[in-house]
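The values are calculated or read from the model by the stated rules, or taken from the named source; none is laboratory data. Please read all numbers here as calculations on a predicted model, not as lab measurements. With ideal geometry, Cβ positions are generated from the backbone for all residues, glycine too; neighbour counts draw on all protein chains shown. Please note that ligands, DNA and RNA were not included when accessible areas were found on the heavy atoms of the full protein model with its side chains. Shrake-Rupley method; radii C 1.70, N 1.55, O 1.52, S 1.80 Å.
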Amino acid sequence: MAKNLVLYYSATGTTKAVAEKVAQQLGADMAEIHPITPYSSADLNWHDNKSRTSIEQHEHNSRVEVVDDFPDLSNYENILIGHPIWWAIPPRMINATIDTLDLNGKTLTGFATSGGSSYDRSQSNLARTVEQNGYDLTLNQGAILSNNDRQISIWLNSLTLN
Ligand SMILES: Cc1cc2nc3c(=O)[nH]c(=O)nc-3n(C[C@H](O)[C@H](O)[C@H](O)COP(=O)(O)O)c2cc1C
């Protein structure tokens with residue numbers, strides 16, 4: 001059994017393709033994050049300031065509940081979470097995922113795809129969620145990745161993994 005787990009959420013498939021490459025290169029198991037209420041295309045409309053994502057992403061420190069169908073984490077040492085960038089930060093379900101899992105003693109690493117935003121605000125968002133949960137873990141520097149084997153390999157080599 002692999003000791004590495006890639007969890008991901010992908011609304012339109014871009015992050016999923018990258019997560020598959022990350023998992024393949026790392027020899028990781030993979031599982032999808034499921035929000036309890038799935039997102040419709042109207043929910044994803046960032047031109048509408050009343051759309052579900054606009055409201056959720058703009059509400060400070062909010063959470064979107066997830067289905068607790070995650071694999072048993074006890075055999076995994078390194079947890080990577082892939083997500084799109086929504087309004088410069090991870091979808092709120094990513095914070096709820098971190099709340100739901102027991103990440104003590106693990107390494108945690110975020111990665112994303114985006115239309116151009118950097119990973120900076122996502123990194124501080126994850127760090128705050130780790131702190132809110134009081135986890136004792138190693139948080140790696142996350143990155144925006146494209147579907148490029150070489151870029152993914154260089155980034156993976158930069159991580160501190162158990
Ligand atoms: C609601 C919403 C908000 C977004 N906000 C940003 C943003 O702030 N910065 C950015 O670079 N891209 C933004 N994007 C673009 C996505 O991050 C990008 O298309 C991503 O690759 C989609 O990944 P997916 O196909 O796995 O869902 C946004 C997309 C959506 C749907």
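Here are some notes:
- Answer residue from the range 27-51, given it is among the charged types (D, E, K, R) and over 13 Å from residue 93 (Cα atoms) and is nearest to the chain's Cα centre (by Cα) among those: 29
- The residues of the range 4-21 that are more than 8 Å from the ligand (Cβ to nearest atom) and of a type in the set (D, E, K, R), listed by number, are 20, 21.
- Pairs with Cβ under 7 Å, 6+ apart, first in the range 38-55 and under 11 Å from residue 11 (Cβ atoms) and more than 7 Å from the ligand (Cβ to nearest atom), second open to solvent by 40 Å² or more (accessible area, probe 1.4 Å) and not basic (Lys, Arg): 39/11
- Just one residue in the set 112, 96 is outside any helix (DSSP H, G or I) and open to solvent by less than 20 Å² (accessible area, probe 1.4 Å); that residue is 112.
- In the range 12-34, the residues that are more than 13 Å from residue 76 (Cα to Cα) and open to solvent by 20 Å² or more (accessible area, probe 1.4 Å) reach residues that are within 8 Å of the ligand (Cβ to nearest atom) and not aliphatic (A, V, I, L, M) with C-beta atoms within less than 6 angstrom, at least six apart or across chains, in these pairs: 14/113; 16/10.
- The lone exception for residue 104 - which of (1) out of contact with any Gly (no Cβ under 6 Å at 6 or more places or on another chain); (2) surrounded by 21 or more Cβ atoms within 10 Å (Cβ to Cβ) it fails: (2)
- Scanning the range 120-162 for residues that are over 15 Å from residue 21 (Cβ atoms), open to solvent by less than 60 Å² (accessible area, probe 1.4 Å) and in a helix (DSSP H, G or I) returns 122, 123, 125, 126, 127, 129, 130, 133.
- Of residues in the range 71-93 being surrounded by fewer than 17 Cβ atoms within 10 Å (Cβ to Cβ) and modelled with pLDDT of 95 or more, the one nearest to residue 120 (Cα to Cα): 88
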